[in-house]
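Structure, as structure tokens:
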Amino acid sequence: MNGFWAILGRDLALARAESGGALLAVQFFALGILLFPLGLGPEPGMLSRLGGGLLAVMALLATLLALDRLFQQDHEDGTLDLLLTSPAPLWSIVLGKAVAHWLITGAPMLLAAPLLGVLLQMSWPAIGGLVVALALGTPTLSLVGAVGAALTIGTRRGGVLLALLVLPLYIPVLIFMSGTVTAAETGLAFGGHVSILGAIMLLSLVLTPWAAAVALRQVGD
Amino acid sequence: MHRFANPARFLRLSRAIQPWILAVTVPCLLAGLYLGLVESPIDYQQKDTVRIMYVHVPAAWMAMFGYSSLAIASAIGLIWKHPLADLAGKAAAPIGAGFTIIALATGSLWGKPTWGTWWVWDARLTSVVVLLFLYLGYMALWNAFEQPQRAARAASILALVGIVNLPIIKFSVDWWNTLHQPASISRIGTPAIDPAMLRPLLLMGVAYLGLFLLLLLLRMRVELAERRVMALQLARSRDGEPS
Amino acid sequence: MVSDCGFSYSFQARGLAGARGERWLFDGLDLTLGPGEVLVVTGPNGTGKTTLLRILAGLLPAAEGSVGWEPQPEDGRVALHYLGHQNSVKGALTVAQNLAFWQRLAGAGDAAATAAAQAAFALDDLVDLPARVLSAGQQRRLALARLVAIPAPLWLLDEPTTALDAGSVKAFADAVAAHRDRGGMAILATHQDLGFEPTYRLDMGASA
């Protein structure tokens, strides 16, 4: 696990050194949410009804924000060559990258979500469901995003392309995250959604580092 | 394993089988259209609208078939580094996307008289929209690289990731649909299939499949010809150099 | 096969061919390096020096031929360093942090090796500075320090002395000499006279 810890530590150190840069995603997440009451009108019933879905959609979009730099910067400054020739297994490096990405984008969103839920006048059970949903859903977003980031290294307009590739793959996470919130809000059991989100996360945990590693090996130059 | 890697052999083979595919496709298409649009019984509820089914349903089949063949070609291209497989994937994507668009357009045309709106967030239609975006992403990735080899590798990996995801997406969209859709709305589908309806449907299915294969071979041949032209131009530009 | 005193590997390539896109750069290339041997690759631009090094590093697939070790380095051990035109240096991290990251990634090298690397390339006064404030030559020295900070039997270096002043070129030549003394091998693509005699020379311009 040398590769995992080395890359995780370095990416977090980089995020800290580029002070402020780390929190851009969560700022975008919050700002995006604040636009909806302005666009849709402040009617409390509507906002609380839409809240879970809006937060889930914004989580998807905010995740994309830092994704295109996940491997692109390492590619540009030659570090990718180092990662590819290092004795550490490539999947462990991808996993380290994805975990770092989640800690920088997913985890702050998880912390900000209850506050934003309150701003949207969501009920407490719904906010509880939202936190559970984001906790299980956002790691999948980072993991699947890592595959997209590995595939688009060195492309023209990588960021837009990445969004086009990755967003369709995010749909199941979106559906089950907002489903969890709806179920929690109406007092239904949401164990089913939670276990599906968990299963999707575990599946991504197994498959995506491997897929991204295959993609990275193609980069070459 | 690389028996067909040789473009000359592929070109010979494709020239040989194209007339046969054509010979099956055209009669099937004509018979299917006649039986479907003229002979087949009208639906008790949907009246003549049901005839859109003969254009719509096989298109939806081909949309799915196209993505599956994309994924299979990608797997072959990745594992055996077979250049023709990469080519087949690249050539199949726009055809599959075309069938997907036909399925969506006819589904929408069906929706207007049936539901009174051009679009209903029906589970199948929604899945097909997502499939269209998977196709578009694949095609965009092919075009995003300067080196065709890298493009082929990246697009193949994307196609495989997509095919693994497709059942999950389908499952989640179905689930979402049962949650949000009032049960009273009838879905696009094939209500109680009568043999008189099944026959034209299958004929159209065969015709679409033939069309898909014909277009695929044609596109692959065009692509090969383009590469050949480029190679010749490259060779001519280095005139004087012994090769 | 890594003992404290040095390496005893040999590295070889058989019938190697390299291509960029549709263009073939070289083919039928054989080479064998034993402990302490150095190959200098020269040739005009576009003859495939970089492509050759990247194929040897495993970063690019060979169009034909194969690359092999005798004996095979153990899994999880650093077998080679590849240093291309870029320095792989992170500007936001300090010199010390960059070196520490490379060592952790490789799972090799220790404090003594770090000290030796910093001393070899005169980085001692710079360790706590973020790498982005370093000059181009200083960044290159940092990149070269990686070779010393992490022991590896084979160095694959593409124009290693770009942006270096005469003193630093001398420091680099000393590092290569120390590496050879330990039984290390190196393949360098360069235009410059580095002030030492390589075991072999390969002129890509002539072989094309």
| request: Go through A:100, A:107 for me and flag whichever is in contact (Cβ under 8 Å) with a residue 40 or more places away in the chain and more than 17 Å from residue A:32 (Cβ to Cβ). | output: A:100
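So is residue A:113 farther than 27 Å from residue A:216 by Cβ, in a helix (DSSP H, G or I) and within 14 Å of another protein chain (Cβ to nearest Cβ) or not?
No: the conditions fail for residue A:113.
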| message | Regarding the range B:147-168, can at least one residue be identified that is outside any helix (DSSP H, G or I), farther than 20 Å from residue B:213 by Cα, modelled with pLDDT under 95 and out of contact with any Lys or Arg (no Cβ under 7 Å at 6 or more places or on another chain)? | response | yes
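Out of the residues in the range A:52-85 that are polar (S, T, N, Q) and more than 15 Å from the chain's Cα centre (by Cα), state the one that is surrounded by the most Cβ atoms within 10 Å (Cβ to Cβ).
Of everything passing the filter in the range A:52-85, A:79 is surrounded by the most Cβ atoms within 10 Å (Cβ to Cβ).
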| Take the residues of the range B:97-124 that are at pLDDT below 85, buried (at least 18 other Cβ atoms within 10 Å of the Cβ) and hydrophobic (A, V, I, L, M, F, W, C): which is nearest to residue B:57 (Cα to Cα)? | B:110
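If we scan the range A:61-81, do we find a residue that is among the charged types (D, E, K, R) and in contact with an Asp or Glu (Cβ under 8 Å, 6 or more places away or on another chain)?
no
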| task | Hey, can you tell me all the residues within the range A:169-203 that are surrounded by 23 or more Cβ atoms within 10 Å (Cβ to Cβ) and not aliphatic (A, V, I, L, M)? | result | A:170, A:172, A:176, A:178, A:179, A:180, A:190, A:193
| request: Could you list, in sequence order, all residues of the range C:65-75 that are surrounded by 15 or more Cβ atoms within 10 Å (Cβ to Cβ), of a type outside the set (Phe, Trp, Tyr) and either without any contact (Cβ under 8 Å) to a residue 40 or more places away in the chain or more than 12 Å from every other protein chain (Cβ to nearest Cβ) (or both)? | output: C:65, C:67
| said: So, residue B:101, is that one without any contact (Cβ under 8 Å) to a residue 60 or more places away in the chain and farther than 25 Å from residue A:163 by Cα or not? | reply: no
| Applying the selection to the range B:11-68, what residues are modelled with pLDDT under 85 and hydroxyl-bearing (Ser, Thr, Tyr)? | B:40, B:44, B:49
| query | Which one is farthest from the chain's Cα centre (by Cα), of the residues in the range A:187-221 that are β-branched (Val, Ile, Thr) and assigned to a helix (DSSP H, G or I)? | reply | A:214
| request: Pick out the one residue from C:108, C:117 that is within 10 Å of another protein chain (Cβ to nearest Cβ), without any contact (Cβ under 8 Å) to a residue 60 or more places away in the chain and not β-branched (Val, Ile, Thr). | output: C:108
| message | Give me the residue from the range A:70-89 that is of a type in the set (S, T, N, Q) and more than 8 Å from chain C (Cβ to nearest Cβ) and, out of that set, nearest to residue A:212 (Cα to Cα). | response | A:72
| said: Residue under question is residue A:150, and the condition is that it be among the small types (Gly, Ala, Ser), in contact (Cβ under 8 Å) with a residue 40 or more places away in the chain and facing chain B (nearest Cβ under 10 Å); does it hold? | reply: yes
| task | Report whether or not residue C:186 is assigned to a strand (DSSP E or B), over 15 Å from residue A:78 (Cβ atoms) and of a type in the set (Gly, Ala, Ser). | result | yes
| said: For the range B:95-136, give me each residue that is outside any helix (DSSP H, G or I) and within 14 Å of chain A (Cβ to nearest Cβ). | reply: B:121
| Out of the range C:49-64, which residues are at the interface with chain A (Cβ under 10 Å from one of its Cβ atoms) and basic (Lys, Arg)? | C:54
| task | Residue by residue through the range C:78-128, note down the ones that are touching a Ser or Thr at 6+ places or on another chain (Cβ under 6 Å) and surrounded by fewer than 19 Cβ atoms within 10 Å (Cβ to Cβ). | result | C:128
| message | Looking only at residues that are assigned to a helix (DSSP H, G or I) and among the charged types (D, E, K, R) in the range A:27-73, which one is farthest from residue A:119 (Cα to Cα)? | response | A:69
| request: Kindly indicate the residue of the range B:214-235 that is exposed (fewer than 11 other Cβ atoms within 10 Å of the Cβ) and of a type outside the set (A, V, I, L, M, F, W, C) and also nearest to residue B:99 (Cα to Cα) among those meeting that condition. | output: B:226
| Of all the strands (runs of 3 or more DSSP E) wholly in the range C:16-89, which have at least 3 residues that are touching a helix residue (DSSP H, G or I) at 6+ places or on another chain (Cβ under 8 Å) and of a type in the set (Val, Ile, Thr)? | C:38-42
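The values are calculated or read from the model by the stated rules, or taken from the named source; none is laboratory data. Nothing here was measured: the structure is a model prediction, and the numbers come from that model. Every residue, glycine among them, receives a Cβ derived from its backbone with ideal geometry; neighbour counts consider all protein chains shown.
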